[in-house]
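Right, one structure below, let's go through it.
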Amino acid sequence: MSSRSQIELLILDIDGTIAGESNQVTQPVIDTISKVQALGIPVAIATGRMFFSACRFYQAIGSQLPLICYNGALIKHPQTEKVYRHIPVSIPLAREIIDVLETSEYRDRLGIHFYLNDQLYVRELSDDTRNYIRRSSAKVNVVGDLRSLLDTGENAEPTKILALSADTELIAEVSAYLSQSYAETQLHFTCSTPTFLEITNPAANKGRAIQYLAETILGISIDRVMAIGDNFNDLEMIKCASIGVAMGNSPPEIQKIADWVAPDVEDDGAIAAIERFILC
C-alpha cells in the first residue's frame with residue numbers, strides 16, 4: 001500500500017459511493033473532491049453506468065479525465081468525445097446470452113437491457129426497466145427481438161448486456177448458471193446491485209480499466225492510485241489500486257478485500273476515505 005503522500009490519481013465509483021438514494025453528489029463530497037484536485041491530484045470516475053448517464057456526475061465533480069463506464073468496457077472523454085478504449089461483447093456470444101435469458105424458464109421473470117452505441121435497447125418496457133430509466137435518465141428503445149440488433153452489420157457488438165429483476169435470488173441463480181457455463185476467457189459476470197447481473201467482454205472490468213487509464217493514458221503507476229467503490233463490480237478495482245477502499249454499505253465480501261472500509265454512502269463515507277488517505 002502506498003503512503004498517503006504518494007497518491008497521484010483518485011478513482012471514484014458513482015452509485016453507492018459518491019451518490020446514494022438521492023441520486024446526486026452532495027455538496028460536501030464535491031467540496032472534498034475539489035480539495036484533492038487543488039493539490040494537483042486528478043480525479044476520475046469508474047462506473048457501471050452508461051456514458052450518457054455518467055456524464056452529469058463527471059460534471060458535478062469537475063473531472064478533467066477520460067470517463068470509465070460500462071464497468072470498464074468503454075473509456076471515453078466527455079469533453080473531446082475521444083474513445084480511448086472500447087471492448088464490446090462479440091456478436092456470437094451476445095446471441096447466446098440472449099437465447100439463454102429468453103428461455104421459457106427466464107423470459108417472463110427477467111428484463112434484458114442491451115447497450116449498443118451508448119443507447120439502451122429492450123425487448124419490452126417492464127416495471128424494472130421503468131425504475132432503471134427513472135434513476136439513469138436514459139432513453140429507451142423498445143425493439144421486441146433483441147437479436148435483430150445483432151444483424152445490423154457494423155458496430156453491432158454490444159458494450160454490455162444487463163439482466164435485471166427485483167427477485168435477487170433469481171439474479172443469483174442466473175449468475176451462477178452463466179458463470180458455470182462460460183469460461184472467464186469468454187465473458188465477465190458481475191453485479192453492481194443484487195438486482196443487476198452485468199455481462200461484458202472478459203477484458204472489461206474496472207481493475208483493468210483503471211490500470212489502463214493510469215499507466216497507458218496518464219503515465220501514472222498503479223502503485224500511486226487510490227480507488228473507492230461499493231459493490232462486486234468494484235472488486236477488481238479495489239484489489240488493483242494501491243489503496244482500495246470499500247464503502248460501509250458494501251457487501252462483506254468486498255469489505256474483506258479492501259485496505260480500509262469507509263462509512264456508508266449516506267454518511268458521505270467517501271469524504272472520510274479521502275481525508276484519511278489524501279487530505280491528511
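The values are calculated or read from the model by the stated rules, or taken from the named source; none is laboratory data. Remember, it's a predicted structure, so these values are computed and weren't measured experimentally. Positions of Cβ are generated from backbone atoms using ideal geometry, with glycine treated the same way; all protein chains shown enter the neighbour counts. These accessible areas exclude ligands, DNA and RNA; they are computed on the full protein's heavy atoms, side chains included. Shrake-Rupley method; radii C 1.70, N 1.55, O 1.52, S 1.80 Å.
Key figures for this structure:
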{"read-out": "Pairs where the first residue, in the stretch 13-36, is closer than 14 Å to E275 by Cβ and the second is among the small types (G, A, S) and open to solvent by less than 30 Å² (accessible area, probe 1.4 Å), C-beta under 7 Å, 6+ apart", "value": "V29/A270"}
{"read-out": "Of all residues in the stretch 73-93 being more than 15 Å from I199 (Cα to Cα) and in contact with a strand residue (DSSP E or B) (Cβ under 9 Å, 6 or more places away or on another chain), the one that is least open to solvent (accessible area, probe 1.4 Å)", "value": "I75"}
{"read-out": "In the stretch 168-179, residue farthest from F189 (Cα to Cα) [restricted to those that are open to solvent by less than 70 Å² (accessible area, probe 1.4 Å) and not polar (S, T, N, Q)]", "value": "L170"}
{"read-out": "Which numbered condition L146 misses (of (1) under 30 Å from E215 (Cβ atoms); (2) without any contact (Cβ under 8 Å) to a residue 60 or more places away in the chain; (3) hydrophobic (A, V, I, L, M, F, W, C))", "value": "(1)"}
{"read-out": "Qualifying positions in the stretch 94-113 - touching a residue at least 60 places away in the same chain (Cβ under 8 Å) and either open to solvent by 30 Å² or more (accessible area, probe 1.4 Å) or on the phi > 0 side of the Ramachandran plot (or both)", "value": "R109"}
{"read-out": "From the options A176, A172, A203, A209, residue that is under 24 Å from Y106 (Cβ atoms) and in contact (Cβ under 8 Å) with a residue 12 or more places away in the chain", "value": "A172"}
{"read-out": "Condition met for N71 (under 13 Å from the mean Cα position of the chain (by Cα), at positive phi and of a type in the set (S, T, N, Q))", "value": "yes"}
{"read-out": "Extreme residue, least open to solvent (accessible area, probe 1.4 Å), among residues of the stretch 114-156 that are more than 20 Å from S53 (Cβ to Cβ) and among the acidic types (D, E)", "value": "D145"}
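Per-residue answers, yes or no, for (1) touching a Leu at 6+ places or on another chain (Cβ under 8 Å); (2) over 26 Å from E236 (Cβ atoms):
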site: V83; (1), (2): yes, no
site: V140; (1), (2): yes, yes
site: K160; (1), (2): no, no
site: Y177; (1), (2): no, no
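Residues are listed down the side, and each one gets a yes or a no for (1) open to solvent by less than 50 Å² (accessible area, probe 1.4 Å); (2) touching an Asp or Glu at 6+ places or on another chain (Cβ under 6 Å); (3) under 25 Å from P202 (Cβ atoms); (4) polar (S, T, N, Q):
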| residue | (1), (2), (3), (4) |
| --- | --- |
| T17 | yes, yes, yes, yes |
| V29 | yes, yes, no, no |
| G40 | no, no, no, no |
| I61 | yes, no, no, no |
